[in-house]
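Peer 1: Quick one: this structure, given as structure tokens, is what I'll be asking you about.
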Amino acid sequence: MSAPVTVVGIGADGWDGLAPAARREIASCQVLMGSARQLDLVPGDAERVPWPSPLLPALPGLLSRHGDRRIVVLASGDPMFHGIGSTLVRLVGAERVRAVPHPSSASLACARLGWALDGVAVVSLVGKPAALLVPHLHPGRRVLVLGGSPAEVAALAPDARITVLEQLGGPRERVHHDLAAADPLHVLALECGRDGASTTPGRPDDTYEHDGQLTKREVRAVSLALLAPRPGELLWDVGAGAGSIAVEWCRTHPACRAVAVERHPGRAARVTRNATALGVPGLRVVVGESPAVLDPRELEPPDAVFVGGGLTAPGVVERCWAALRPGGRLVANAVTLESEAVLTRWRARLGGELTRVEVSRAAPVGGFTAWRPHLPVTTWAVTKEDPMTEDLMAEDPVAEDPMTEEDR
């Protein structure tokens, strides 16, 4: 593609709502691309190219085919706000994309409701699972949902007051609460009730479907504090069990990602169900035996690794450490003497900190209450400061240890 692409934002009011600069771009272009609905909103003699379905695989070919002509792409509202403009920048680079924005649907919705836009969470469900909404539902919060099914959103937020804002800015604009009668071109505004859970790690154990292979609440909170998730980072949760570490890593920020590695297909299926139920359906689950399944050709290098199961399998720590990015964190938990010995030996080679976590919970004993202790957990946490430290791992210090089933 030789010529730059201009992306013009347009609202439901069509040509009448466009600024003079946007009109000039459309009037002077040779190729006009957009959805069939958008193309019908504007006049002109340019060649019109409606978006195919699916769009993303076809987009590079469309741009290449018309690369020597002046192209204008129509976008809904602000092209750089959950719009095609961001996609084009990723595809061809910011230097080849010029955006002419229009007020976004979020801006228009807040204007109608009297809400401060900077105090509202905006969640796009266009082509995405509705479960992504779950982490944003907190008591008293205001949330705008773009492209969501009213019925699915209502099912996820049963105590929220939901307002439908449809055809914003156009002659058929309507604001109402009849979810069943919502126009396809709508925004949903949620005023959350009392339901909703914190995104701070350490959710109650009964939040998760599990068979006992679960990192307990208090240990989970400590482990995630040591893993120190930051927006945009990727975690490998090796020996994932119920997937609680990976799930809560992803819940700390919408940009956090995780790969849960689990050798038992039944447990792997539970990880997927837990991830969906708790609002992080994008969590990737890989089924297989570690370390063989930790293939660097198949898995993106992680920013952090948690090893909670299969710690004594030869090669697991080596593979995880080799894949870890410089500056990344590795945290491993042990409850057996054999797995604790593994951590002790690795700590002697790579450094880091060993911590013993012991938790007791009050429980009834007859007519009284007593402390019921859980198995103590030894945690090893180390940061990969120097990428050359792989040289310290020429020999496997646990090659003779048998594979054990870790109690997470």
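Peer 1: Give me the pairs: first residue in region 227-243 and within 20 Å of Pro296 (Cβ to Cβ) and touching a residue at least 40 places away in the same chain (Cβ under 8 Å), second residue part of a strand (DSSP E or B) and acidic (Asp, Glu), beta-carbon distance under 6 Å, and six or more apart or on different chains, which are they?
Peer 2: Ala240/Glu262
Peer 1: Can I ask one more? Kindly provide the set of residues from region 330-385 that are open to solvent by 70 Å² or more (accessible area, probe 1.4 Å) and more than 25 Å from Trp236 (Cβ to Cβ), ordered by number.
Peer 2: Across region 330-385, the qualifying residues are Leu337, Glu358, Arg361, Pro364, Val365, Gly366, Gly367, Phe368, Thr369, Trp371, Arg372, Pro373.
Peer 1: Checking Val307 against (1) within 18 Å of Leu375 (Cα to Cα); (2) modelled with pLDDT of 95 or more; (3) open to solvent by 10 Å² or more (accessible area, probe 1.4 Å); (4) out of contact with any Lys or Arg (no Cβ under 8 Å at 6 or more places or on another chain), which test does it fail?
Peer 2: Just one mismatch for Val307, condition (3).
Peer 1: Name the residue, out of Val42, Val49, that is surrounded by 13 or more Cβ atoms within 10 Å (Cβ to Cβ), more than 30 Å from the chain's Cα centre (by Cα) and assigned to a loop (DSSP other than H, G, I, E, B).
Peer 2: Details: Val49 fails: assigned to a loop (DSSP other than H, G, I, E, B).
Residue meeting the stated conditions: Val42.
Peer 1: Which of the residues that make up region 161-178 are open to solvent by 50 Å² or more (accessible area, probe 1.4 Å) and under 29 Å from the mean Cα position of the chain (by Cα)?
Peer 2: Hit for region 161-178 is Arg161, nothing else.
Peer 1: On to the next question. Which of the residues belonging to region 226-274 are buried (at least 23 other Cβ atoms within 10 Å of the Cβ), assigned to a strand (DSSP E or B) and of a type outside the set (Val, Ile, Thr)?
Peer 2: Residues satisfying the conditions are Leu235, Trp236, Asp237, Ala258, Ala260, Glu262.
Peer 1: Going through region 64-78 one residue at a time, which ones are surrounded by fewer than 20 Cβ atoms within 10 Å (Cβ to Cβ) and polar (S, T, N, Q)?
Peer 2: Residue satisfying the conditions is Ser64 alone.
Peer 1: Residues in region 16-34 that are outside any loop (DSSP other than H, G, I, E, B) and either touching a residue at least 40 places away in the same chain (Cβ under 8 Å) or surrounded by fewer than 12 Cβ atoms within 10 Å (Cβ to Cβ) (or both): how many?
Peer 2: Residues in region 16-34 being outside any loop (DSSP other than H, G, I, E, B) and either touching a residue at least 40 places away in the same chain (Cβ under 8 Å) or surrounded by fewer than 12 Cβ atoms within 10 Å (Cβ to Cβ) (or both): 12 in total.
Peer 1: Would you check if there is a residue in region 318-325 being within 14 Å of Gly239 (Cβ to Cβ), modelled with pLDDT of 95 or more and open to solvent by less than 10 Å² (accessible area, probe 1.4 Å)?
Peer 2: yes
Peer 1: Conditions first: (1) under 19 Å from Asp237 (Cα atoms); (2) at pLDDT below 95; (3) open to solvent by 60 Å² or more (accessible area, probe 1.4 Å). Arg408 passes all but one, so which condition is the exception?
Peer 2: Tallying (1) under 19 Å from Asp237 (Cα atoms); (2) at pLDDT below 95; (3) open to solvent by 60 Å² or more (accessible area, probe 1.4 Å), Arg408 fails exactly one: (3).
Peer 1: Could you please let me know if Arg37 is open to solvent by 50 Å² or more (accessible area, probe 1.4 Å), in contact with a Phe, Trp or Tyr (Cβ under 9 Å, 6 or more places away or on another chain) and of a type outside the set (Gly, Ala, Ser)?
Peer 2: no
Peer 1: Could I ask something else about it? Within region 310-334, which residues are in a loop (DSSP other than H, G, I, E, B) and either touching a helix residue (DSSP H, G or I) at 6+ places or on another chain (Cβ under 9 Å) or farther than 23 Å from Leu375 by Cβ (or both)?
Peer 2: Gly310, Leu311, Thr312, Pro314, Gly315, Leu324, Arg325, Pro326, Gly327, Gly328, listed by residue number.
Peer 1: From (1) part of a helix (DSSP H, G or I); (2) open to solvent by 20 Å² or more (accessible area, probe 1.4 Å); (3) out of contact with any Leu (no Cβ under 7 Å at 6 or more places or on another chain); (4) within 30 Å of Ala197 (Cα to Cα), pick out the condition that doesn't hold for Ser107.
Peer 2: (3)
Peer 1: Kindly provide the set of residues from region 79-104 that are open to solvent by 30 Å² or more (accessible area, probe 1.4 Å) and farther than 14 Å from Val126 by Cβ, ordered by number.
Peer 2: Met80, Val89, Arg90, Leu91, Val92, Ala94, Glu95, Arg96, Arg98, Ala99, Pro101, Pro103
Peer 1: Mind listing whichever residues of region 75-90 are touching a residue at least 12 places away in the same chain (Cβ under 8 Å), outside any loop (DSSP other than H, G, I, E, B) and within 18 Å of the chain's Cα centre (by Cα)? Reasoning before the result, please.
Peer 2: In the first step, residues of region 75-90 are kept if they are touching a residue at least 12 places away in the same chain (Cβ under 8 Å); the result is 75-85, 87-88.
Remaining after also requiring outside any loop (DSSP other than H, G, I, E, B): 75-76, 84-85, 87-88.
Once the filter is applied, which keeps residues that are touching a residue at least 12 places away in the same chain (Cβ under 8 Å), outside any loop (DSSP other than H, G, I, E, B) and within 18 Å of the chain's Cα centre (by Cα), region 75-90 yields only Thr87.
Peer 1: Here is a list of conditions, (1) open to solvent by 30 Å² or more (accessible area, probe 1.4 Å); (2) part of a strand (DSSP E or B), and Leu190 meets all of them except one; can you say which number that is?
Peer 2: Only one criterion is unmet by Leu190, namely (1).
Peer 1: Gly61 passes all but one of (1) of a type outside the set (S, T, N, Q); (2) under 26 Å from Ser124 (Cβ atoms); (3) surrounded by 13 or more Cβ atoms within 10 Å (Cβ to Cβ); which number fails?
Peer 2: Of everything listed in (1) of a type outside the set (S, T, N, Q); (2) under 26 Å from Ser124 (Cβ atoms); (3) surrounded by 13 or more Cβ atoms within 10 Å (Cβ to Cβ), Gly61 misses just condition (3).
Peer 1: Looking only at region 335-356, which residues are assigned to a helix (DSSP H, G or I) and hydrophobic (A, V, I, L, M, F, W, C)?
Peer 2: Correct list: Leu337, Ala341, Val342, Leu343, Trp346, Ala348, Leu350.
Peer 1: If you don't mind, another one. Mind checking whether some residue in region 216-225 is in contact with a Phe, Trp or Tyr (Cβ under 8 Å, 6 or more places away or on another chain), over 26 Å from Val357 (Cα atoms), surrounded by 20 or more Cβ atoms within 10 Å (Cβ to Cβ) and modelled with pLDDT of 95 or more?
Peer 2: First pass over region 216-225, keeping only residues in contact with a Phe, Trp or Tyr (Cβ under 8 Å, 6 or more places away or on another chain): 223-224.
Narrowing further to those that are over 26 Å from Val357 (Cα atoms): none.
There is no residue in region 216-225 that is in contact with a Phe, Trp or Tyr (Cβ under 8 Å, 6 or more places away or on another chain), over 26 Å from Val357 (Cα atoms), surrounded by 20 or more Cβ atoms within 10 Å (Cβ to Cβ) and modelled with pLDDT of 95 or more.
The values are calculated or read from the model by the stated rules, or taken from the named source; none is laboratory data. Values in this document were obtained by computation on a predicted structure and should not be read as measured data. All Cβ positions, glycine included, derive from the backbone under ideal geometry; neighbour counts span all protein chains shown. The area values use the complete protein model at the heavy-atom level, side chains included, leaving out ligands, DNA and RNA. Shrake-Rupley method; radii C 1.70, N 1.55, O 1.52, S 1.80 Å.
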